[in-house]
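Trainee: Quick one: structure below, then a few questions.
The values are calculated or read from the model by the stated rules, or taken from the named source; none is laboratory data. All of these numbers come straight from a predicted model, not from anything done at the bench. A quick note on method: Cβ atoms are made from the backbone with ideal geometry, for glycine too, and the neighbour counts reach across all protein chains shown. All accessible areas refer to the heavy atoms of the entire protein, side chains included, with ligands and DNA or RNA removed. Shrake-Rupley method; radii C 1.70, N 1.55, O 1.52, S 1.80 Å.
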Amino acid sequence: CPSASDLRPTEGTRLCALFYTDNSPYYDQCCSGEVLEVLPDSDVPYMPHGWAGTVSSLVVGTRCELTVWSRPAKKGNSKKFSA
């Protein structure tokens, strides 16, 4: 997995988080599969099509906090993640 301070896409804009579809019990095989980039100050009450229930690994960047909910539209239980 990339380190929290290395979250930058190819054009160099800072990212707050990366979601991955594949995970493994072996650390060197985590953070693989499809990747969803989360930009700073994003407010996304619904996961993009095809992503709901598929995220198995995530990395949160430095100076960012990611809040996720168990139900669509920011309902249900929430959990916060940071670097």
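Trainee: Name every residue in segment 1-44 that is surrounded by 13 or more Cβ atoms within 10 Å (Cβ to Cβ) and of a type in the set (Gly, Ala, Ser), in order of residue number.
Mentor: Residues satisfying the conditions are Ala4, Ala17, Ser32, Gly33.
Trainee: Could you grab me the full set of residues in segment 49-64 that are in a loop (DSSP other than H, G, I, E, B) and either among the hydrophobic types (A, V, I, L, M, F, W, C) or under 12 Å from the mean Cα position of the chain (by Cα) (or both)?
Mentor: Selection gives Trp51, Ala52, Thr54, Val55, Ser56, Gly61, Cys64.
Trainee: Considering only segment 51-61, state which residues are open to solvent by less than 60 Å² (accessible area, probe 1.4 Å) and either farther than 12 Å from Asp22 by Cα or among the aromatic types (Phe, Trp, Tyr) (or both).
Mentor: Trp51, Val59, Val60, Gly61
Trainee: Residue check: is Val44 touching a strand residue (DSSP E or B) at 6+ places or on another chain (Cβ under 9 Å) and either small (Gly, Ala, Ser) or assigned to a strand (DSSP E or B) (or both)?
Mentor: no
Trainee: Related question: Tell me, which residue of segment 70-83 that is touching a residue at least 24 places away in the same chain (Cβ under 8 Å) and more than 22 Å from Pro2 (Cα to Cα) is surrounded by the fewest Cβ atoms within 10 Å (Cβ to Cβ)?
Mentor: Filtering first and then ranking leaves Ala73.
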